[in-house]
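Values quoted throughout were computed directly from the atomic coordinates according to the rules given, and no laboratory measurement underlies them. In this text the structure is predicted, and so the values were computed from the model without any measurement. For neighbour counting, all protein chains shown are included, and Cβ atoms are generated from backbone atoms with ideal geometry for every residue, glycine included.
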């Protein structure tokens, strides 16, 4: 099996189009189509269903797509290990970050990579936990930082930071800016992300334990969107304290602690157990730990 043909097929299947794959790979479309067809002839299977809307993998194509991603990943790892043997830490490192953390560490993480891994290519993906887990499963991500992930035998996990979720409200006079109980939070109009966001699930779970349900007036899947609505007085948010670091001026907000019980959130670094890691990946893990640790110092 020709690796180039396999790479072409995987890219077409992922992008769902010969045209898009041709642009992404920098290969003329007729040559791309010819190479994929040669692979189909060799395997005696139709791998793609071609139609006016693009191309999608057949059942045989789906099987090869899963194997093909793994094969290409192993080849890339081999190249990186050979590069490391020459004394150079290079290759691609793809990291997934939740939106609230991404805004806080993207710049320092990029600086750290340029200083300590100048020959490595850093790819950052921002998204919620469902997207991050899918990226880890499919091999699109080498590692990700998640909130409160479920333990799994398929993933290695390292706790990075634990902290309380707080109530973020429109500006209040100092006399009213007192800590509130979780039961009091349940009575407030809340602006929360939609399920299965980790914060949303945690809030609902902890409220259920005290016999309450959140009063969700709006669902917004975007950190800035939530905070801008809070700033306009349209509701309250329950988020980590450091999310306000994304605003140059936090004066329009009031932050209050939550008690009875506290809402504790955990940031966890996750990477697949079955996928070999290069020296570059191991160094990237260390850098990510250091950057998150530094970023969280003011919030401990």
Using alpha-carbon coordinates, inclination of helix 279-296 to the longest axis of the chain, degrees: 10
Shape of the chain, Cα gyration tensor, a/c cut at 1.5: prolate
Separation in nanometres of the label points that stand 7 Å from Cα toward Cβ, at residue 176 and residue 299: 2.6
Computed FRET value (nearest 0.05) for residue 23 with residue 210, which takes r as the C-beta separation and R₀ as 41 Å: 0.15
Sites residue 184 and residue 134, calculated FRET efficiency, Cβ-Cβ separation with R0 22 Å, nearest 0.05: 0.05
Rel. contact order, % - alpha carbon contacts under 8 angstrom, at least six apart, region 163-265: 53
Additional length obtainable on full extension of the chain from residue 260 to residue 246, 0.36 nm per residue less Cα span: 2.2 nm
Cα gyration tensor category, rounded, prolate or oblate, for region 76-189 with a/c compared to 1.5: prolate
Estimated [θ] at 222 nm from DSSP helical runs (n ≥ 4, -39500 (n - 2.57)) normalised by residues in the chain, nearest 500: -14500 deg cm²/dmol
Those residues of region 1-28 whose amide nitrogen sits under 20 Å from the label point placed on residue 74, 7 Å along Cα→Cβ: 1-11
Highest-fluctuation residue, 93, 36, 238 considered, GNM on the chain with Cα pairs under 10 Å: 36
FRET E, pair residue 162, residue 111, Förster distance 22 Å, beta-carbon r, rounded to 0.05: 0.30
Prolate/oblate/rounded call for region 171-253, Cα gyration tensor, a/c under 1.5 rounded: oblate
Helix axis angle, 29-43 relative to the chain longest principal axis, alpha carbon, degrees: 80
Listed residues 123, 278, 208, most fluctuating in the chain (Gaussian network, C-alpha, under 10 Å): 208
GNM flexibility winner over the chain from 38, 109, 229 (Cα, springs under 10 Å): 38
Proxy reagent accessibility, fewest Cβ within 10 Å first, across 206, 294, 142: 294, 206, 142
Between helix 99-116 and the chain: long-axis angle, C-alpha atoms, 0 to 90°, nearest 10: 50
Length added when fully stretched, residue 195-residue 2, from 0.36 nm per residue minus Cα-Cα: 65.2 nm
